[in-house]
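> Please see the structure below; I have some questions.
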Amino acid sequence: MPQFIKIAQVRSLAPGTMQTFAFQGRQVLLVHIEGAFYALDSRCPHKAAPLVEGKLWGGTLECPWHHYLYDVKTGENLYPRNVYPTDLAFLKQDVRSIPCYPVQVRGEDVLVTLD
Amino acid sequence: MAKVAQEVVQNAGVDIDELRKKLVRAAAAEFTTYYYYTILRVNAIGFDGEGLKEIIEDARLEDRNHFEALLPRIYELGGELPRDLRDFASEAACPDAYLPQDPQDMKEMLKVLVGAERCAVRVYTDICEMTFGKDHRTYELALAILNEEIEHEAWFSEYLGEGPSGHFRRGTPGESPYTSRFLVVPKGHSRN
């Protein structure tokens with residue numbers, strides 16, 4: 001059973017915003033979209049840009065340095081993975097997904113597990 | 001060194017180091033896009049009466065103009081280009097616009113083009129937002145480039161069948177109607 005631990009209070013993060021939290025020795029990016037919370041690694045898998053300095057376009061997260069786009073709900077790279085030619089295998093490591101962590105909301109608390 | 005020009009930007013509350021990085025990344029994206037659009041343009045020959053080739057050429061030349069227009073501002077603000085071209089290219093603010101696996105697939109090529117332009121629109125919107133009301137010179141430059149990137153997006157999007165662009169292509173290739181006033185030599189090297 002994964003152990004969920006409180007990372008923030010619901011009211012600490014307004015809808016459409018994100019914030020980085022130190023959590024069990026890692027930096028976790030917590031994103032609030034339309035009443036739902038999502039937890040992801042705080043660094044872009046491409047070149048380790050701090051994603052909290054990026055922008056949210058609805059459910060899409062834009063990296064601040066190279067403007068890669070990610071699906072907040074799944075961490076999946078949306079751009080440029082959709083246009084990178086599949087025959088250039090070396091590009092695959094550039095378009096890795098952002099690791100995501102399960103989130104639960106219990107009352108006023110947002111809980112995350114890294115298990 | 002543009003000492004006062006830097007001071008006024010800093011005193012207005014702009015993180016000048018961050019702005020320099022954004023401008024270098026933007027210049028790198030223009031430089032790499034110019035390179036990749038050259039390949040796309042070459043491979044677009046024959047598509048649809050070569051209409052696509054013509055608008056890729058406009059966008060390609062205007063992206064080169066954007067690189068040229070950004071350079072003076074980077075150095076005015078105390079920034080510089082990396083000594084190594086490979087470092088510069090790897091810092092580009094937008095992903096490389098690779099030729100699709102099947103170079104004959106016009107729709108795939110258009111997806112690459114429209115994706116690159118949409119990235120550029122986000123890049124310059126970000127710089128405009130950072131400098132608006134604070135760094136007037138960078139703002140004007142970024143806004144001029146943004147105007148052209150928005151038009152490029154509209155051209156390629158129109159070609160994809162997403163709706164009309166609302167405007168016609170350039171009178172002369174790579175005309176840069178918004179950015180040319182920022183170029184040191186806006187109309188070639190002739191003094192006539």
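> Search the structure for amide H atoms under 5 Å from the amide H of B:S165, placed 1.01 Å from N in the peptide plane, and list their residues when 5 or more places away or on another chain.
Placed amide hydrogens put nothing under 5 Å from B:S165.
> In deg cm²/dmol and to the nearest 500, what is the mean residue ellipticity at 222 nm of the protein assembly as shown if only DSSP H runs of at least 4 residues count, each as -39500 (n - 2.57), divided by the residue total?
Working: 6 runs with 119 residues, N = 307.
Helices in the protein assembly as shown give a 222 nm mean residue ellipticity of -13500 deg cm²/dmol.
> Given a Förster radius of 45 Å and the C-beta distance between B:D102 and A:L56 as r, what FRET efficiency does 1/(1 + (r/R0)^6) yield to the nearest 0.05?
Values: r = 34 Å, r/R0 = 0.76.
So, using R0 = 45 Å, E works out to roughly 0.85.
> Explain nothing, just compute: Karplus ³J(HN,Hα) = 6.51 cos²θ - 1.76 cosθ + 1.60, θ = phi - 60°, for every residue of the range B:175-183 in order, whole Hz, x for Gly and Pro.
My calculation for the range B:175-183 gives 5, 6, x, 9, 9, 4, 6, 8, 7 Hz in order.
> Would you mind ranking B:E18, B:E151 by Cβ crowding within 10 Å, fewest neighbours first?
Working: B:E18 12, B:E151 21.
Going from sparsest to densest Cβ surroundings: B:E18, B:E151.
> When a/c reaches 1.5 or more, the comparison of a/b and b/c decides; with that in mind, is chain A rounded, prolate or oblate per its Cα gyration tensor? Can you show the working numbers first?
Numbers: a/c = 2.23, a/b = 1.79, b/c = 1.25.
Prolate is the answer for chain A, as a/c is 1.5 or above and a/b outweighs b/c.
> While we're on this one: Please rank A:W57, A:W65, B:W155, fewest neighbouring Cβ atoms within 10 Å first, as an exposure proxy.
Values: A:W57 12, A:W65 20, B:W155 24.
So the ranking, lowest neighbour count to highest, is A:W57, A:W65, B:W155.
> Report the label-to-label distance for A:E76 and B:K134 in nanometres (one decimal), using points 7 Å from each Cα along the Cα→Cβ vector.
Placing both labels 7 Å along Cα→Cβ, they lie 3.6 nm apart.
> Could you give each residue of the range A:35-51 its phi-based ³J(HN,Hα) in whole Hz, using Karplus coefficients 6.51, -1.76, 1.60 with θ = phi - 60°, and x for Gly or Pro?
Rounded to whole hertz, the list is x, 10, 10, 10, 10, 9, 4, 7, 10, 5, x, 6, 9, 6, 5, x, 5.
> Mind checking the range A:42-115 for GluC sites (Glu not before Pro) that DSSP puts in a loop (not H, G, I, E or B) and that have at most 14 other Cβ atoms within 10 Å? If you can, show how the numbers build up before the last one.
Values: sites: A:E53, A:E62, A:E76, A:E108; in loops: A:E76, A:E108.
Of the GluC sites (Glu not before Pro), the ones in loops of the range A:42-115 whose Cβ has at most 14 other Cβ atoms within 10 Å are A:E108.
> So, one more: For q values of 0.08, 0.16 Å⁻¹, compute log₁₀ I(q)/I(0) with the Debye formula on a Cα-only model of the protein assembly as shown, without solvent.
Log10 of I(q)/I(0), two decimals: -0.41, -1.30.
> Can you pull out the cysteines in chain B that have no other Cys Cβ under 4.7 Å?
B:C128
> Taking the Cα centre as origin and putting +1 on Lys and Arg beta-carbons and -1 on Asp and Glu beta-carbons, what dipole magnitude results for the range A:2-115, to the nearest 20 debye? Kindly include the intermediate steps, with their values, before the conclusion.
Details: 11 positive and 11 negative charges, 32 e Å.
Dipole size: approximately 160 debye.
> Could you order the peptides A:17-23, A:42-48, B:85-91 from most to least packed, using the average number of other C-beta atoms within 10 Å per residue? Working shown, then result.
Values: A:17-23: 16.3, A:42-48: 18.0, B:85-91: 13.9.
Sorting A:17-23, A:42-48, B:85-91 by mean packing, highest first, produces A:42-48, A:17-23, B:85-91.
> Whole Å is fine, so just give me how far the alpha carbon centre of the range B:128-173 lies from that of the range A:27-84.
Each part reduced to its Cα centre gives a spacing of 25 Å.
> Also, quick follow-up: Counting only other chains, what is the mean number of Cβ atoms within 10 angstrom of the Cβ of each residue in peptide B:100-107?
Taking the mean over all residues of the peptide, I get 2.
> What does the charge count near B:Y37 come to, summing +1 for each Lys or Arg and -1 for each Asp or Glu among other residues with Cβ under 12 Å from its Cβ? Could the numbers behind the result be given before it?
Values: positive: B:R41, B:K53, B:R60, B:R64; negative: B:E30, B:E57, B:D58, B:E62, B:D63, B:D96, B:E117.
Net charge in that neighbourhood comes out at -3.
> Next up: Averaged over every viewing direction, what's the projected area of the C-alpha convex hull for the range B:36-192? Give it in nm², one decimal, please.
Details: hull surface 43.1 nm².
Seen from a random direction, the Cα hull of the range B:36-192 projects 10.8 nm² on average.
> Averaged across the residues of A:54-65, what count of C-beta atoms belonging to other chains lies within 10 Å of each residue's C-beta?
On the way: counts 1, 4, 0, 1, 0, 0, 0, 0, 3, 1, 6, 6.
Counting other chains' Cβ atoms within 10 Å and averaging over A:54-65 gives 2.
> Also: Restricting to lysines 8 or more places apart or on different chains, can you count the pairs in the protein assembly as shown with Cα atoms under 19 Å from each other?
Here the count comes out as 14.
> Work through the residues other than A:D94 whose Cβ is under 12 Å from its Cβ and net out their charges, Lys, Arg +1 and Asp, Glu -1.
Values: positive: A:K47, A:R81, A:K92, A:R96; negative: B:D96.
Around A:D94, the surrounding residues sum to +3.
> Length gain on complete extension for the stretch B:S180 to B:A5, per 0.36 nm per residue less the alpha carbon to alpha carbon distance? Before the final figure, lay out each step's value.
Numbers: separation 175, 0.36 × 175 = 63.00 nm, distance 2.21 nm.
This chain segment gains 60.8 nm when fully extended.
> Right, next: In whole Å, what is the distance between the alpha-carbon centres of the range B:69-85 and the range B:1-37?
7
> Can I ask one more? Taking each residue of B:156-168 in turn, how many C-beta atoms of other protein chains fall within 10 Å of its C-beta, and what is the average? Write down the numbers at each step before the final one.
Values: counts 0, 0, 0, 0, 0, 0, 0, 0, 0, 0, 0, 0, 0.
Partner-chain Cβ atoms within 10 Å, mean over residues of B:156-168: 0.
Every number here is computed from the coordinates shown, using simple stated rules; none is lab data. What you see is a predicted model, and the numbers here were worked out from it, not measured in a lab. Positions of Cβ are generated from backbone atoms using ideal geometry, with glycine treated the same way; all protein chains shown enter the neighbour counts.
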